[in-house]
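Worksheet: one structure, shown below.
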Amino acid sequence: MNALSQPARWERFFWPILATALLLALWYYSVRWTGTKVFPSPLEVERGLAELVRHHVLWWDILDSLRRVAIGFGAAVLIGVPLGLTLGWYPAANQVVNPVMQILRPISPIAWIPVAIIFFGVGDDAAIFLIFLGAFFPIVVACINGVANVSSVYRRAGRNFGLTPPQLLARVLFPAALPQILVGLRIALGIAWLVVVAAEMIAVDSGLGFLVIDSRNSGKRYDLVVAAILMIGVIGLILDVAFRRLEKLRSVRWGFRLES
Amino acid sequence: MQAISAPAALKTKLAVDHVSMVFDRDGKRTEVLSNIDLEVGDGEFVCLLGPSGCGKTTLLNAMAGFLSPTTGEIRVDGEMVRKPDPRRIFVFQERGVFPWLTVEGNIGFGLTKLTRAERDRRIAHYVKMVGLQGFEKTYPQELSGGMKQRAEVARALAVNPDMLLLDEPFGALDSITRLIMRGELLRIWEAERKTIIFVTHDIDEAVQLADRVVVMSARPATIQRIVNIDIPHPRDISSPRYLELRDGIFQQIGLAHKL
């Protein structure tokens, strides 16, 4: 077997598992050797996780977080995609809106928390608004760039077949830009998952973010804090992997570099 | 000068009348086409031949209606060309097939006004004509260059245009595939009798395919000469007449003794 060939099947699982095991061992022995009473060991975290599952809080917190992401991200898609396509289609409109967007875009959604609370009060709506803000700009920008980057050959071919502007948008520009739009949506979903945790620490009293902050505040249960953090990581990974499956659809696969 | 007009036996399909094209870019004026006069007959196969970057593609874009001439006008069937039209389909140099559609989807792209059954019938007909049977559900990514180009030609033919405007369609193919594709194009042309304007920088390609070869100069492009290729198809590319015509064009372009 030479360096260019693919790793064997067992290797693809073996090395990541080994790395994870080593990391867990490092964690375990660090806790043992430093003799910390505050930070939990992996075993304590595992017990904490089991406790959360037993008391049925974990599922409700996960569902609450996912529900907020679904609504906030969904709204960002429903508004952001048509807006982005339109702005990409009319460069003149884009010129008008672009300066405002460029100022709003780099603002962390966390900075909007006080504003969100003024608008929506402490509660679900504020959290959803923050997720919406975090997801909205990457989606709009991906759509603008996606449409702007469509090869002029495809545009001309579309016009040649007598398409009206709305038809051209629906039948040429949108499908041609779709791979780039999907990348933007995936980034936006990742951001939405980051933001929901932060928003839940401040604006609401349920969800994984609330679980983290609540476990700390009510009795310094750091085993539960770390258990919740791990859950956040695992669910974020699952969301990303699930979304990546969309990139394998045949009508968009051309836009992604083929792996393996 | 030479025979600018279409052969007397044919009705004039396309008339290019004193067309000049000037591009203004960053305050710099570039004259790309200079006073082009040309008539093409109905069902004629004409090659525009010239060095790379001479403006022949610009002329083809103007014929398609993607660009409008700075001065002069282009008429098809006596009607001025103002915008693209499905009656004259442009086949692109780069791969113009839509990668998000299957072969079938591409060929049926311009057929949305037809009923489902009629559309399917047309698609099947042109899939067969370009020899892509068995690849109807395949995406372009999985096709070879020659097959993609066939799919694009089929997509163009499916809307039943009067004219095909081909911009170095076989330029990116390997030489064997290119020879095969030339043969196929001639076969299709003989079956469908479309008017074909074919842009190329390949002298052999022009002489093998065209009824008339329009030899263009370097930028700003003017028509240097129009050569009638009076050899019936299928052409014997080692016949004395073929070589004579080809060498004549070589000489015209000024390459004869430099090779």
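State yes or no: is B:VAL214 assigned by TED's automatic domain parsing to the domain that holds B:ASP247, buried (at least 21 other Cβ atoms within 10 Å of the Cβ) and in contact with a Lys or Arg (Cβ under 6 Å, 6 or more places away or on another chain)? When the stated conditions are applied, B:VAL214 does not pass them.
Where strands (runs of 3 or more DSSP E) fall wholly inside the range B:44-108, the ranges with 3 or more residues that are facing another protein chain (nearest Cβ under 9 Å) are B:88-91. Could you tell me whether A:LEU173 is part of a helix (DSSP H, G or I), surrounded by 21 or more Cβ atoms within 10 Å (Cβ to Cβ), touching a residue at least 40 places away in the same chain (Cβ under 8 Å) and within 14 Å of chain B (Cβ to nearest Cβ)? The answer is yes for A:LEU173.
Of the residues making up the range B:12-31, those that are touching a Pro at 6+ places or on another chain (Cβ under 7 Å) and either surrounded by fewer than 19 Cβ atoms within 10 Å (Cβ to Cβ) or not in a strand (DSSP E or B) (or both) number 2. For the range B:32-50, the condition of being in the same structural domain as B:THR200 (by TED's automatic domain parsing), among the acidic types (Asp, Glu) and surrounded by 21 or more Cβ atoms within 10 Å (Cβ to Cβ) holds for at least one residue. One residue alone among B:THR222, B:THR200 is among the polar types (S, T, N, Q), assigned by TED's automatic domain parsing to the domain that holds B:LEU38, under 18 Å from B:LEU60 (Cβ atoms) and at pLDDT 90 or above, and that residue is B:THR200. What tally of residues in the range A:205-252 results from selecting those that are without any contact (Cβ under 8 Å) to a residue 12 or more places away in the chain and either in a helix (DSSP H, G or I) or more than 30 Å from A:ALA126 (Cβ to Cβ) (or both)? Adding up the residues that qualify gives 13.
Residues checked against (1) away from chain B (no Cβ under 14 Å); (2) buried (at least 22 other Cβ atoms within 10 Å of the Cβ); (3) not small (Gly, Ala, Ser):
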{"site": "A:PRO114", "(1), (2), (3)": "yes, no, yes"}
{"site": "A:PHE119", "(1), (2), (3)": "yes, no, yes"}
{"site": "A:VAL122", "(1), (2), (3)": "yes, no, yes"}
{"site": "A:ASP125", "(1), (2), (3)": "yes, no, yes"}
{"site": "A:PHE136", "(1), (2), (3)": "yes, yes, yes"}
{"site": "A:VAL140", "(1), (2), (3)": "yes, yes, yes"}
{"site": "A:ILE144", "(1), (2), (3)": "yes, yes, yes"}
{"site": "A:ALA157", "(1), (2), (3)": "no, yes, no"}
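For the range B:109-130, a tally of residues being more than 8 Å from chain A (Cβ to nearest Cβ) and within 19 Å of A:LEU173 (Cα to Cα) returns 2.
In the range B:159-175, of all residues being surrounded by 23 or more Cβ atoms within 10 Å (Cβ to Cβ) and at pLDDT 90 or above, the one that is farthest from the chain's Cα centre (by Cα) corresponds to B:MET163.
The values are calculated or read from the model by the stated rules, or taken from the named source; none is laboratory data. What you see is a predicted model; the values in this text were computed from it and never measured. Note that we place each Cβ from the backbone using ideal geometry, even for glycine, and neighbour counts take in every protein chain shown.
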